[in-house]
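Trainee: Mind having a look at this structure? Questions to follow.
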Amino acid sequence: MTRSQSATMTDSEDPILSVRDLQTVFYTDNETVRAVDSISFDVGRGETVGIVGESGSGKSVTARSIMGLIESPGKVLPESSISFAGRELTDLSAEQYQSVRGSGIGMVFQDPQQSLNPVYTVGNQIRESLKINRDITGEEAVEEAMRLLQAVGIPDAKRRLDEYPNQFSGGMRQRAVIAMMLACDPDFLICDEPTTALDVTIQAQILDLLKELQEERGLSILFITHDMGVIADIADRVNVMYAGQIVEKAAVEDLFSNPQHPYTKALLRSIPGEHSRADGLETIEGQVPTPNEPADHCRFAPRCPKSFGACDKVPPQHVSVGDSEGHTASCLLYPDDQSETARVETHIEKESERTEEQP
Amino acid sequence: MIFGITLSFLILYLGPIDPVGSILGRQATAADIRQLRIELNYIDAAGNPVPLWEQYFRVVGDLLMLDFGESWTIQRETPVTELIIDRMPATLWLGFWSVVIALGVGIPLGLYAGLRANTFRDYASSGFGIIWRAMPNFWLAVIISGLITAGGALGFYRTAIVETQVSGTPDALNNLFTNVDIFTGVPYLELLSIPVPNPGPWFVATKWILPAALVLGSSSMGNEVRIGRTAVLESINSKYVETAKAKGLSSRRIIGKHVGRNAVIPLLPVIMGEFYLLIGGSVLVEAVFGINGLGNLFFNAVLGPDIPLVMALVFIFIMIQILFNISQDLLYTYIDPRINLGESE
């Protein structure tokens with residue numbers, strides 16, 4: 001087992017989704033924004049992987065890149081690789097991609113108020129999923145749609161099918177969206193901040209629902225959020241994103257008990273409730289930079305309390321940290337058993353290895 | 001409606017107009033004038049003026065009973081209803097084609113522009129729409145009729161395929177349909193016949209009306225391009241379209257089902273407003289192209305002054321407007337479930 005040595009290692013056995021060097025850029029008039037800059041991660045079967053980060057760190061762009069929903073002026077660069085169930089998605093044509101969406105990968109969006117088309121009944125929209133992805137129509141589709149609504153915990157499902165989205169409350173609407181996605185019978189579900197627009201009680205209900213469904217159906221979930229509490233609740237493993245890059249990967253227990261990257265540490269320290277009131281709330285000074293220049297340095301360096309000279313010159317690579325397998329961070333402070341110069345050398349070496357690997 | 005009718009009544013009965021004078025001409029004798037005044041209910045048999053409120057209730061009462069009376073000046077003693085029915089086809093024909101042009105060109109172009117937002121094709125179609133929107137009818141009507149009448153740059157239009165007039169009202173309009181007994185031999189239905197279009201007159205009448213219809217439809221067409229474009233853009237960038245994509249729907253299905261119906265919502269008032277052209281026609285366009293339709297009739301009735309005819313036309317126009325407004329509201333509740341007519345949930 002040498003896998004903990006490499007940054008491009010496999011995070012889990014037999015991953016259903018494997019993202020390598022994903023780069024999504026947006027070309028605007030005066031700059032090129034590298035919204036997602038060379039990230040790699042895996043999601044195993046039946047596993048929930050979280051992506052956590054601030055607004056603008058590239059979480060949602062990652063999700064849309066996987067779904068093939070990036071539109072002009074955005075572009076997934078050709079070096080990127082997204083492999084889903086052994087199939088390379090970045091090479092697919094628009095029509096082929098369409099067949100992956102829904103029945104392969106489903107996605108639940110942030111705002112349930114707007115994810116449902118206001119002019120069609122909920123039942124109509126669920127039946128549409130059934131028809132397109134599973135070729136179920138007519139009476140059978142009505143039955144199945146009803147079962148799905150019941151499965152996501154909507155009472156009085158039969159009547160609810162004939163109602164319009166505006167007659168549903170926020171939490172019920174998100175349940176309906178989940179039912180609609182389940183109707184596609186996906187193996188993999190991307191949840192892009194599905195609970196952000198909901199209040200805390202409903203949030204907990206939706207999270208429980210997702211866990212339940214995952215157990216029943218063996219779903220793999222990629223869960224995107226900015227909420228550390230939600231991540232702790234639902235994820236098995238976590239990727240922490242900052243300015244388009246993944247700065248730390250760890251199993252969820254390791255991340256919270258033993259964070260390594262200065263950003264993760266600062267992030268966890270800024271959660272209210274962990275400290276006494278007298279200390280006040282710790283914050284990270286400054287703003288997330290717009291990643292509009294190539295990654296030839298550490299993007300967190302300007303805000304990092306532990307940055308040193310090399311941070312502005314050497315792009316950090318993922319190295320194994322902590323005690324557990326699969327825990328990596330991309331920071332020049334690691335591996336922490338080496339001297340500063342040796343550490344910098346290690347990162348430079350890894351970077352050249354990585355760039356050579358690419359065609 | 002009452003307000004509109006009252007206003008027209010006040011203008012017509014209080015205004016400085018003298019229908020009696022224009023009916024009888026200058027050589028009228030005092031006795032004739034007196035006789036006619038009684039006939040028209042301006043004065044009673046004893047020679048006293050009829051009070052205004054009495055005239056008002058008589059006029060409005062007749063209108064509400066759909067008794068439109070007889071024409072005063074345009075065609076003396078012809079029932080108003082007959083006059084209107086006589087002129088109706090030309091206006092309907094004009095309105096029909098202007099709506100066809102506006103809907104058939106404006107909406108597809110608007111959708112097209114919206115689906116290709118911020119490309120050259122979008123700018124071209126939006127620009128096309130704005131140009132047609134910007135040209136005022138009275139100007140465009142004169143320019144187009146100038147271009148296609150003899151000697152104009154587009155003079156060939158008159159002689160192309162079939163020689164037709166481009167102004168006036170063609171006889172072809174009366175021969176659009178032939179009643180054909182298609183139920184011959186079927187018991188009970190034998191007496192029913194249905195109108196079947198005649199291709200020849202149909203073509204002639206269409207060719208004749210197109211320039212005028214283009215003028216009349218031009219501004220609605222431009223409106224539809226603009227509003228259609230915005231409506232599509234708004235819908236296509238919405239979250240439910242993204243969700244629909246995530247469901248694995250084809251873009252054809254997304255545009256047809258999810259974008260289409262939402263885009264119709266803002267377009268509906270424009271479309272309904274346009275159907276009003278069908279009847280209301282345009283006084284101006286009919287005058288320039290010399291079409292004997294309702295618009296022209298209305299214009300002449302006001303000049304007449306043919307008070308019963310004016311009142312009847314105002315009444316009909318208002319009724320139609322109200323009818324369209326109501327049907328627009330009904331259509332809204334059908335298209336957009338968020339709007340309902342107040343029945344409890």
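Trainee: What are the residues in the stretch A:155-167 that are away from every other protein chain (no Cβ under 12 Å) and either outside any helix (DSSP H, G or I) or among the aliphatic types (A, V, I, L, M) (or both), if any?
Mentor: Listed by number, the residues that qualify are A:Pro155, A:Asp156, A:Ala157, A:Leu161.
Trainee: Here's another thing I want to ask about it. Does the stretch A:184-217 hold any residues that are of a type in the set (Asp, Glu) and either surrounded by fewer than 16 Cβ atoms within 10 Å (Cβ to Cβ) or assigned to a loop (DSSP other than H, G, I, E, B) (or both), and which are they?
Mentor: A:Asp185, A:Asp187, A:Glu193, A:Asp199, A:Asp208, A:Glu212, A:Glu215, A:Glu216
This table checks each residue for (1) open to solvent by 40 Å² or more (accessible area, probe 1.4 Å); (2) in contact with a Leu (Cβ under 7 Å, 6 or more places away or on another chain); (3) closer than 16 Å to A:Glu47 by Cβ; (4) of a type in the set (A, V, I, L, M, F, W, C).
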site	(1), (2), (3), (4)
A:Pro165	no, yes, no, no
A:Gly170	no, yes, no, no
A:Met180	no, no, no, yes
A:Ile234	no, yes, yes, yes
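Trainee: Which pairs do you get when a residue that is modelled with pLDDT of 85 or more, found in the stretch A:189-204, comes within reach of a residue that is of a type in the set (Phe, Trp, Tyr), reach meaning Cβ atoms under 6 angstrom, with the pair 6+ apart or on two chains?
Mentor: Within 6 Å, the pairs are A:Cys191/A:Phe223; A:Asp192/A:Phe109.
Trainee: With the condition kept exactly as written, say whether any residue in the stretch A:116-135 is farther than 21 Å from A:Cys191 by Cα and of a type in the set (S, T, N, Q).
Mentor: Yes, there is a match, as at least one residue in the stretch A:116-135 is farther than 21 Å from A:Cys191 by Cα and of a type in the set (S, T, N, Q).
Trainee: Mind listing whichever residues of the stretch A:102-117 are in contact with a Pro (Cβ under 8 Å, 6 or more places away or on another chain), aliphatic (A, V, I, L, M) and at the interface with chain B (Cβ under 7 Å from one of its Cβ atoms)?
Mentor: A:Leu116
Trainee: Right, next: Could you pull out the residue among A:Ser129, A:Ser99, A:Ser93 that is away from every other protein chain (no Cβ under 11 Å), within 25 Å of the chain's Cα centre (by Cα), under 24 Å from B:Arg253 (Cβ atoms) and small (Gly, Ala, Ser)?
Mentor: A:Ser93
Trainee: Continuing with the same structure: Could you tell me whether any residue of the stretch B:321-331 is open to solvent by 10 Å² or more (accessible area, probe 1.4 Å) and within 14 Å of another protein chain (Cβ to nearest Cβ)?
Mentor: yes
Trainee: Kindly evaluate A:Ser40 against the criterion of being under 24 Å from A:His261 (Cα atoms), touching a residue at least 60 places away in the same chain (Cβ under 8 Å) and open to solvent by 10 Å² or more (accessible area, probe 1.4 Å).
Mentor: yes
Trainee: Looking at this structure, is B:Ile209 surrounded by fewer than 22 Cβ atoms within 10 Å (Cβ to Cβ) and of a type in the set (A, V, I, L, M)?
Mentor: no
Trainee: Keeping to the stretch B:216-271, report how many residues are acidic (Asp, Glu) and touching a Gly at 6+ places or on another chain (Cβ under 8 Å).
Mentor: The total comes to 1.
Trainee: Being touching a residue at least 12 places away in the same chain (Cβ under 8 Å), closer than 30 Å to A:Asp42 by Cβ and either among the polar types (S, T, N, Q) or more than 10 Å from chain B (Cβ to nearest Cβ) (or both): is that true of A:Val152 here?
Mentor: Spelling it out, A:Val152 is indeed touching a residue at least 12 places away in the same chain (Cβ under 8 Å), closer than 30 Å to A:Asp42 by Cβ and either among the polar types (S, T, N, Q) or more than 10 Å from chain B (Cβ to nearest Cβ) (or both).
The values are calculated or read from the model by the stated rules, or taken from the named source; none is laboratory data. On a predicted model such as this, the values are computed, not experimentally measured, just so you know. Neighbour counts run over all protein chains shown; Cβ positions are idealised from the backbone, glycine included. Accessible surface areas use protein heavy atoms only, side chains included; no ligands, DNA or RNA. Shrake-Rupley method; radii C 1.70, N 1.55, O 1.52, S 1.80 Å.
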